[in-house]
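The values are calculated or read from the model by the stated rules, or taken from the named source; none is laboratory data. Here the structure is a predicted model, which means the values were calculated and not measured. Note: ideal-geometry Cβ built from the backbone for every residue, glycine included; neighbour counts use all protein chains shown. These accessible areas exclude ligands, DNA and RNA; they are computed on the full protein's heavy atoms, side chains included. Shrake-Rupley method; radii C 1.70, N 1.55, O 1.52, S 1.80 Å.
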Amino acid sequence: MTPHLHRLPPGPVDLTSIAPDAKPGFDGKKQEGKSALFALGDELSDLQERLFAEGITGARRRVLLVLQGMDTSGKGGVLRHTVGLVDPQGVKITSFKAPTEEERRHHFLWRVSRALPEPGYIGVFDRSHYEDVLIARVKGSVEERTVESRYRQINEFEAELAQDGVTVLKCMLHISPEEQKARLLARLAKSDKHWKFDPSDVDERERWPAYREAYELALEHTNTEIAPWHVIPSDRKWYRNLAIGELLLDTLRGMALRWPEADYDVDEQRQRLLGEVAVK
């Protein structure tokens, strides 16, 4: 699979032209897709460890994976099946809920800045700063000119992140309303899934066209060369996980990560160990 298949081109965005059940670049079926994802694990883990080692030795580089999508689009599934392939000690996951009273007293990017990954880490945002231009537009909680201003502020913020060594990987999980309905019904069908169901999700479905428009505008205005968007067909869970795994792997490969050089004399330390009195 070519990761850039999902990269959004510049210009106006029409999500209806992107099939949510497509699997571009992959001819296999579900089980083959799951196997292909698992096969990425060793290299992903190796590159993630190199990134972590860099951070320990003073480098500033890190990765921020932004997962944005409608309810049931699979952000949690990506965390379990794709991000779960690497060492959790080198991952920082932040799930953004409705802003707290304290957060509302600050600039909308304040809480996001506090959640950024440290050098050497892969940070994952389960929802993100884009909630402040999506929900705000759909529900009219702020004026339209404020939303327009936030697009610019987000672009400036992400450009500053890039200058500080953050590689921003943005993925919109593109699901159809029919698949979302099926997933919500599946939650209601099993008592052990009832906790995952929220009646407000049904209310939000009535705003589907408004959310689609809000996403299209947000994607168009914040799809920059520094931090481009990737639209991931997400009706097939296994393909979604594989596509993001390929993107993450391609991103880490592109960083040309190297093991840090030792800041001590390796031979001297080896001789010390070989020449020591046996420990009893």
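Just so you know, the Cα atoms of the chain work out to an Rg and Dmax of 21.1, 75 Å. In a simple Cβ point-charge model (Lys, Arg +1; Asp, Glu -1; nothing else charged), the chain has a dipole of about 820 debye relative to its Cα centre. Once Lys and Arg get +1 and Asp and Glu get -1 on their Cβ, which of ALA22, SER191, GLY69 lies farthest toward the positive end of the dipole of the chain? Among ALA22, SER191, GLY69, the one farthest towards the positive end of the dipole of the chain is SER191.
Among 77-90, 98-111, sorting by the average number of other beta carbon atoms lying within 10 angstrom of each residue, highest first, gives 77-90, 98-111.
A 1.4 Å probe run over the protein chains yields, for the stretch 209-272, 50 Å² of accessible area per residue, whole-number rounding.
Using the Kyte-Doolittle scale, which helices in the chain average at least -0.5 and also have C-alpha atoms spread 15 Å or more along the helix axis, with helices defined as whole DSSP H runs? Qualifying helices: 41-56, 237-254.
Rg and Dmax of the stretch 238-280, both derived from C-alpha coordinates alone, stand at 20.7, 56 Å. Can you pull a Stokes-Einstein diffusion coefficient for the stretch 137-280 at 25 °C (0.890 mPa s), Rh from Kirkwood over Cα pairs, as a whole number of µm²/s? Taking Rh from Cα pairs, D becomes 123 µm²/s.
Normalised by residue number, the volume inside the convex hull of the Cα atoms of the stretch 87-148 is 97 Å³ per residue. In the full protein context, the stretch 1-155 carries 51 Å² of accessible surface per residue, based on a 1.4 Å probe and ignoring ligands, DNA and RNA. Bridging of LYS196 to lysines at a Cα separation below 19 Å is possible for LYS75, LYS97, LYS181, LYS237, once same-chain residues fewer than 8 apart are set aside. If you sort GLU179, GLU43, GLU144 by accessible surface, 1.4 Å probe, largest first, the order is GLU144, GLU43, GLU179. Nonpolar atom fraction for the chain, defined as the carbon and sulfur part of the 1.4 Å probe accessible area, stands at 50 percent.
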